[in-house]
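Q: There's a structure below that I have some questions on.
The values are calculated or read from the model by the stated rules, or taken from the named source; none is laboratory data. The shown structure was predicted, so the numbers you read here are calculated from the model rather than taken from an experiment. Ideal geometry is used to build each Cβ from the backbone, glycine not excepted, and the neighbour counts take in all protein chains shown.
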Amino acid sequence: MNGEKKLIKCGKLFDGITSELQENREILVQGNRIVEVGENLKNRGEDRIIDLSDATVTPGLIDAHVHFQHFDWKNRAWETIHGSPSWKAMAFLYNARKALARGFTTVRHTGSSAFDEYGGISARKLIDAGYFEGCRLVVLPHYHAAVGSHGDDSQLLASNPPLARAFYEMFPTQGSGVDFFRDSVREQVKYGADFIKIMATGGFSTPNDSPDDQQLSDEEMQAIIDTAHQLNKKVTAHVYGPDLMKKLIMMGIDCLEHGALMNEEVARLMEEKGVYLVPTFCPYDEVIRPDEEKLAQKSPEFQAKLKQYASRLKKGREIIIQSGIKLGYGSDFVAVHHPYDGGYEFSSWFLSGMEPLRALKAATSVNAEIVGRTDLGTIEPGQLADIAAWKRDIMTDHRALLDCAFVMKDGEEYPTERVE
């Protein structure tokens with residue numbers, strides 16, 4: 001194995017495997033791989049020492065639910081309509097660099113709407129080729145959605161039907177019918193999609209639907225899942241309520257996003273079937289831990305629905321935390337926080353009563369499974385050298401993952417930024 005050798009001295013180590021912090025471990029990195037982990041590793045003289053003995057070292061974090069096509073959440077509606085495909089491609093590169101500086105070495109972009117073209121695919125290739133610094137991108141270019149659904153951003157133009165129709169007709173994965181969705185899955189895979197996503201239900205931020213809605217037919221959803229699996233792609237779904245979650249699980253889906261209104265029956269079914277859940281806690285916090293100032297920053301529709309569903313959101317979160325579901329970590333920041341500030345999601349898990357190391361495991365080894373990367377998410381010999389370090393106490397400080405002290409991706413060190 002070629003490349004510079006680096007010996008990392010850890011104060012504490014979370015390796016993504018065991019559910020404990022290990023003391024006084026060392027990590028030997030050569031080139032872009034971890035070659036040894038243990039105590040008192042022999043310094044061969046030529047090794048460069050990286051002293052993180054005052055920090056907690058973890059695998060590079062993975063955010064499994066981001067939307068990187070926007071620069072600034074405050075301007076999201078404007079950027080959706082007015083941002084050109086090149087604008088949005090540059091947003092991917094910008095957000096990827098910012099996320100890396102915050103300790104997230106990989107993110108999973110869970111889809112965009114019209115005018116985005118395939119900028120995320122291009123950004124992924126350019127970062128992998130070394131032309132730009134940034135986290136790894138796992139990309140779905142476009143999610144699969146019905147007309148007028150939560151995934152239909154032409155709602156922003158609904159007061160001008162001809163313009164809304166023109167916008168909708170440029171959305172390659174929005175339509176109706178089994179044949180349409182089979183072909184739209186094939187097209188996404190043809191252009192480089194890493195996975196497939198169904199916008200199965202309504203949402204909180206859109207004006208004309210409900211989180212309890214089912215927005216595609218059973219036949220359409222089954223066709224999407226079956227077609228993706230035939231092409232060896234995993235499938236996830238935007239979904240909130242228990243009835244539709246149960247349907248999707250029985251259809252053979254691999255993962256669910258949100259699931260915030262689930263019940264005990266669905267939790268047991270997910271445990272039994274081994275279906276992953278990326279719960280994205282942070283976007284609903286303003287009513288679970290009331291914060292009128294942050295709530296006021298969201299759209300009127302978002303505010304009203306959060307208040308309407310507050311009791312069910314609280315109950316659903318309790319069920320998720322107490323369950324044995326395989327939980328992934330995803331932030332889904334399209335309001336209040338920037339898309340690259342994934343550390344806020346840890347704060348939400350922590351303040352909701354989740355064990356800190358379960359949250360860390362979700363953001364490392366579990367998410368590595370979700371994105372299909374067996375070479376990421378753990379610190380052990382043979383893995384890619386994606387490593388982060390944190391000087392705040394992860395076990396007691398809910399803001400610990402907002403202050404990255406060190407980040408390495410593929411064996412290369414990068415500058416860090418703290419979130420103010």
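Q: Let me confirm something: among Ala335, Ala363, which residue is modelled with pLDDT under 95 and closer than 18 Å to Thr110 by Cβ? Full working, then the answer.
A: Details: Ala363 fails: modelled with pLDDT under 95.
On inspection, the qualifying residue turns out to be Ala335.
Q: Before we move on, is Phe350 in a helix (DSSP H, G or I), under 18 Å from Ala55 (Cα atoms) and not assigned by TED's automatic domain parsing to the domain that holds Gln30?
A: Against the criterion (in a helix (DSSP H, G or I), under 18 Å from Ala55 (Cα atoms) and not assigned by TED's automatic domain parsing to the domain that holds Gln30), Phe350 does not qualify.
Q: Given the condition surrounded by fewer than 21 Cβ atoms within 10 Å (Cβ to Cβ) and touching a residue at least 40 places away in the same chain (Cβ under 8 Å), answer yes or no: does some residue in region 130-137 qualify?
A: The answer is yes; a qualifying residue exists.
Q: Quick check: is even one residue across region 319-332 modelled with pLDDT under 95, under 20 Å from Gly134 (Cα atoms), surrounded by 16 or more Cβ atoms within 10 Å (Cβ to Cβ) and not assigned by TED's automatic domain parsing to the domain that holds Gly38? Steps first, please.
A: Taking region 319-332 and keeping what is modelled with pLDDT under 95, we get 332.
Restricting the remaining residues to those that are under 20 Å from Gly134 (Cα atoms) gives 332.
Adding the requirement that they be surrounded by 16 or more Cβ atoms within 10 Å (Cβ to Cβ) leaves 332.
Subsequent filtering for residues that are not assigned by TED's automatic domain parsing to the domain that holds Gly38 retains 332.
Among the residues of region 319-332, at least one is modelled with pLDDT under 95, under 20 Å from Gly134 (Cα atoms), surrounded by 16 or more Cβ atoms within 10 Å (Cβ to Cβ) and not assigned by TED's automatic domain parsing to the domain that holds Gly38, which makes the answer yes.
Q: Further, regarding this structure: For region 95-140, give me each residue that is within 21 Å of Lys190 (Cβ to Cβ) and assigned to a strand (DSSP E or B).
A: If the condition is that a residue be within 21 Å of Lys190 (Cβ to Cβ) and assigned to a strand (DSSP E or B), then Arg108, His109, Thr110, Gly111, Ser112, Leu137, Val138, Val139, Leu140 are the ones that fit.
Q: Here's a follow-up. Given the condition modelled with pLDDT of 95 or more, within 30 Å of Asp209 (Cα to Cα), part of a helix (DSSP H, G or I) and not acidic (Asp, Glu), answer yes or no: does some residue in region 386-400 qualify? Break it down into steps so the answer makes sense when it comes.
A: Step one: of region 386-400, the residues modelled with pLDDT of 95 or more are 386-400.
So of that shortlist, the ones also within 30 Å of Asp209 (Cα to Cα) come out as none.
Within region 386-400, none of the residues are modelled with pLDDT of 95 or more, within 30 Å of Asp209 (Cα to Cα), part of a helix (DSSP H, G or I) and not acidic (Asp, Glu).
Q: If you don't mind, another one. Could you please let me know if Ala405 is buried (at least 24 other Cβ atoms within 10 Å of the Cβ), of a type outside the set (Lys, Arg) and outside any loop (DSSP other than H, G, I, E, B)?
A: No, not satisfied.
Q: If you don't mind, there's one more thing I want to ask. Give me the residue from region 163-190 that is of a type in the set (A, V, I, L, M) and more than 23 Å from the chain's Cα centre (by Cα) and, out of that set, nearest to Val235 (Cα to Cα). Walk me through how you get there before you give the answer.
A: Initially, region 163-190 is screened for residues of a type in the set (A, V, I, L, M), giving 163-164, 166, 170, 178, 185, 189.
Next, from what is left, pick out any that are more than 23 Å from the chain's Cα centre (by Cα): 163-164, 166, 170, 178.
Details: Leu163: 31, Ala164: 28, Ala166: 28, Met170: 23, Val178: 16 Å.
Checking each candidate, the answer is Val178.
Q: Could you say which residue among Asp410, Asp393 is in contact with a helix residue (DSSP H, G or I) (Cβ under 8 Å, 6 or more places away or on another chain), in the same structural domain as Gln22 (by TED's automatic domain parsing) and over 17 Å from Ser331 (Cβ atoms)?
A: Details: Asp410 fails: in contact with a helix residue (DSSP H, G or I) (Cβ under 8 Å, 6 or more places away or on another chain).
Criteria check complete, one pass: Asp393.
Q: Residues of region 3-33 being closer than 22 Å to Arg392 by Cα and assigned to a loop (DSSP other than H, G, I, E, B), which ones?
A: Phe14, Asp15, Gly16, Ile17, Thr18, Ser19, Glu20, Leu21, Asn24, Arg25 - these are the residues of region 3-33 that are closer than 22 Å to Arg392 by Cα and assigned to a loop (DSSP other than H, G, I, E, B).
Q: Among Ala64, Ala55, which is at pLDDT 95 or above, closer than 26 Å to Val371 by Cβ, within 23 Å of the chain's Cα centre (by Cα) and of a type in the set (A, V, I, L, M)?
A: Among Ala64, Ala55, only Ala64 is at pLDDT 95 or above, closer than 26 Å to Val371 by Cβ, within 23 Å of the chain's Cα centre (by Cα) and of a type in the set (A, V, I, L, M).
Q: Within region 1-21, count every residue that is farther than 16 Å from Gly45 by Cβ, buried (at least 17 other Cβ atoms within 10 Å of the Cβ) and not basic (Lys, Arg).
A: 8
Q: Give me a count of the residues in region 226-261 that are assigned to a helix (DSSP H, G or I), out of contact with any helix residue (DSSP H, G or I) (no Cβ under 7 Å at 6 or more places or on another chain) and of a type in the set (S, T, N, Q).
A: So the count comes out to 1.
Q: Assuming Ile224 fulfils every condition listed in (1) over 21 Å from Ala304 (Cα atoms); (2) without any contact (Cβ under 8 Å) to a residue 60 or more places away in the chain; (3) of a type in the set (A, V, I, L, M) apart from one, which condition is it?
A: The one condition Ile224 does not meet is (2).
Q: Counting only residues that are among the polar types (S, T, N, Q) and within 21 Å of the chain's Cα centre (by Cα), which one in region 191-244 is surrounded by the most Cβ atoms within 10 Å (Cβ to Cβ)?
A: Among them, the one singled out is Thr236.
Q: A follow-up question, please. Could you list, in sequence order, all residues of region 238-253 that are of a type in the set (Val, Ile, Thr) and closer than 11 Å to Asp213 by Cα? Outline the logic, then answer.
A: Taking region 238-253 and keeping what is of a type in the set (Val, Ile, Thr), we get 239, 249, 253.
Across region 238-253, the qualifying residue is only Val239.
Q: A follow-up question, please. State which residue is modelled with the highest pLDDT when the search covers only region 68-79 and only residues that are in contact with a Phe, Trp or Tyr (Cβ under 8 Å, 6 or more places away or on another chain) and crowded, with 22+ Cβ neighbours inside 10 Å.
A: Only one residue tops the list, namely Phe68.
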